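Here is the structure we will look at.
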Amino acid sequence: MLSVDIEKRLGDFEIKVAFESQGSVTALFGSSGSGKTSVVNMVAGLIAPDRGRIALDDTVLFDSAARVNVPMHRRRVGYVFQEGRLFPHLSVAANLDYGRRMSRLPRDDTEQRRIVDLLDIGHLLDRRPGRLSGGERQRVAVGRALLMHPRLLLLDEPLASLDSARKREILPYLVRLRDEAKVPMVYVSHHPGELRRIATTVVWLDGGRVMKSGGLELLDHADLDAL
Amino acid sequence: MFDLTPDEWIAIHLSIRIAIVATVVALPFGIAIAWLLARKDFWGKSLLDGIVHLPLVLPPVVTGYLLLITFGRRGPIGAFLAENFGIVFSFRWTGAALACGVMAFPLLVRAIRLSFEAIDRRLEDAAGTLGASPLRAFFTVTFPLALPGVIAGMVLCFAKALGEFGATITFVSNIPGETQTISAAIYTLTQVPGGDAAAFRLVVVAIVISLAALVASEWFARRAGMRYHGD
């Protein structure tokens with residue numbers, strides 16, 4: 001379980017957010033500029049909150065009172081970025097293997113094959129990221145984050161850079177991931193439709209605050225025109 | 001007419017050795033300073049930037065003279081190194097390599113810094129979330145991506161070191177077999193009657209070496225670039 005209670009000032013914008021993720025996929029929902037990405041960046045350790053506490057199960061990742069701030073490379077929090085951020089100088093196979101190498105985990109071919117099959121990226125292993133379509137790139141990015149054996153997987157608008165046909169292509173993979181991979185996820189999006197398919201609980205952010213949190217029924221009241 | 005005399009071979013050999021040693025020794029310092037200038041904000045950054053670039057704008061004779069009074073036998077650093085480590089620069093080929101390295105350093109740092117600045121830092125964040133410490137992220141992501149720029153910087157540094165004249169001759173003089181590089185040899189030959197043919201031979205050699213270095217760097221950079229952007 002991820003528990004977050006943080007404050008962060010970014011210029012004129014102030015984030016003051018507290019929530020706990022219960023189910024397997026927690027949606028961080030809100031319009032652009034509501035602070036969703038900043039929150040996941042603080043969970044991943046890319047930026048540090050000004051005050052507060054972030055804990056994953058019984059591991060404290062950040063606690064300003066206790067002066068704890070685990071560096072991002074020791075958090076074991078997987079992150080799928082909006083633009084994939086695959087390493088352009090490495091093949092798909094080397095991208096997938098990067099997290100395992102950096103975390104000094106033993107090679108696990110069965111696990112690797114399972115993830116590769118789950119995401120259907122076996123035919124791409126020898127390619128460079130520059131030769132992938134947007135959908136393939138995001139699938140590889142998900143696989144790369146999973147293969148480091150994260151305790152939590154953050155997905156920041158993983159479908160935002162894709163057209164609607166590609167979105168429909170990838171969503172089923174993510175749903176399978178939720179049902180089979182057993183890694184809790186935080187899924188950032190401003191699309192109620194997307195979240196209805198994947199999320200189990202919803203945290204609705206607005207202007208850097210949690211407006212509501214609860215089940216998927218929250219999305220039914222989402223004022224679509226405002227988003 | 002193209003039989004090089006033993007003395008000319010010595011000058012050529014010495015020049016190449018000096019340029020290679022200057023480039024190889026300058027490289028780690030160049031990478032470290034380029035990274036600092038590209039990535040860090042600290043007190044005195046513009047001063048450091050200025051000092052690194054000084055040899056580019058100062059008259060080479062001034063740089064050579066400054067080296068002489070600091071790294072010469074009686075200079076503070078020169079005396080310290082000679083007493084404690086037995087490293088002597090004055091009137092030795094090592095001094096020529098030092099002078100060439102200092103003169104070429106700004107070109108090396110500039111090229112590497114530009115290539116560091118061109119790298120998407122978000123890739124380093126991605127490496128961090130995948131468990132790479134900042135040092136490992138540097139060696140597995142930043143440095144490989146900057147490699148074409150590093151190679152370009154090394155070739156510029158090598159070429160500048162090969163052609164350096166003013167600072168070298170001021171610091172370590174023009175001693176055949178010890179500090180007389182191709183440039184210094186050409187200069188000497190143009191000062192003596194009947195030296196034209198020998199000077200011309202060395203000029204051709206200088207052109208060939210420089211062109212070969214350029215072609216080699218293009219080839220390396222293209223290979224490195226291909227590794228990143230295609231298959």
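The values are calculated or read from the model by the stated rules, or taken from the named source; none is laboratory data. In this text the structure is predicted, and so the values were computed from the model without any measurement. Every residue, glycine as well, gets a Cβ built from its backbone with ideal geometry; the counts of neighbours run over all protein chains shown.
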Consider B:L56 carefully, then state whether it is within 16 Å of the chain's Cα centre (by Cα) and either within 23 Å of B:T142 (Cβ to Cβ) or touching a residue at least 40 places away in the same chain (Cβ under 8 Å) (or both).
yes
Out of all the residues in segment A:71-94, which are touching a strand residue (DSSP E or B) at 6+ places or on another chain (Cβ under 7 Å) and either part of a strand (DSSP E or B) or more than 12 Å from chain B (Cβ to nearest Cβ) (or both)?
A:V77, A:G78, A:Y79, A:V80
Among the residues of segment B:163-178, which ones are modelled with pLDDT under 90 and either part of a helix (DSSP H, G or I) or surrounded by 20 or more Cβ atoms within 10 Å (Cβ to Cβ) (or both)?
B:G163
Search segment B:121-147 for residues being surrounded by 21 or more Cβ atoms within 10 Å (Cβ to Cβ) and within 27 Å of B:A212 (Cβ to Cβ), and hand back the single one that is nearest to the other protein chains (Cβ to nearest Cβ).
B:L145
Among what's in segment A:103-144 and is buried (at least 21 other Cβ atoms within 10 Å of the Cβ) and farther than 22 Å from A:V186 by Cα, pick the residue that is nearest to the other protein chains (Cβ to nearest Cβ).
A:R128
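A quick yes/no check of all residues on (1) surrounded by 14 or more Cβ atoms within 10 Å (Cβ to Cβ); (2) closer than 23 Å to A:A181 by Cα; (3) not hydroxyl-bearing (S, T, Y):
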{"site": "A:R9", "(1), (2), (3)": "no, no, yes"}
{"site": "A:D12", "(1), (2), (3)": "no, no, yes"}
{"site": "A:K16", "(1), (2), (3)": "yes, no, yes"}
{"site": "A:F19", "(1), (2), (3)": "yes, no, yes"}
{"site": "A:T26", "(1), (2), (3)": "yes, yes, no"}
{"site": "A:F29", "(1), (2), (3)": "yes, yes, yes"}
{"site": "A:K36", "(1), (2), (3)": "yes, no, yes"}
{"site": "A:V39", "(1), (2), (3)": "yes, no, yes"}
{"site": "A:L46", "(1), (2), (3)": "yes, no, yes"}
Can you confirm whether B:S90 is assigned to a loop (DSSP other than H, G, I, E, B) and of a type in the set (S, T, Y)?
yes
One residue is enough: does segment B:45-56 have a residue meeting the conditions within 19 Å of B:V24 (Cβ to Cβ) and part of a helix (DSSP H, G or I)?
yes
Might you let me know whether segment B:103-117 holds any residue that is within 14 Å of chain A (Cβ to nearest Cβ), part of a helix (DSSP H, G or I), of a type in the set (K, R) and surrounded by fewer than 23 Cβ atoms within 10 Å (Cβ to Cβ)?
no
Six or more apart or on different chains, Cβ under 7 Å: which pairs go from a residue in segment B:61-76 that's exposed (fewer than 15 other Cβ atoms within 10 Å of the Cβ) to one that's modelled with pLDDT under 95 and not in a helix (DSSP H, G or I)? Could you list them?
B:I69/B:G75; B:R73/B:S90
Within the group B:L98, B:L37, which residue is out of contact with any Pro (no Cβ under 8 Å at 6 or more places or on another chain), more than 27 Å from B:V204 (Cα to Cα) and surrounded by 14 or more Cβ atoms within 10 Å (Cβ to Cβ)?
B:L37
Which condition breaks for B:R223 when tested against (1) buried (at least 17 other Cβ atoms within 10 Å of the Cβ); (2) of a type outside the set (A, V, I, L, M, F, W, C); (3) closer than 28 Å to B:A111 by Cβ?
(1)
In segment A:170-186, what residues are within 17 Å of A:V80 (Cα to Cα) and part of a helix (DSSP H, G or I)?
A:I170, A:L171, A:P172, A:Y173, A:L174, A:V175, A:R176, A:L177, A:R178
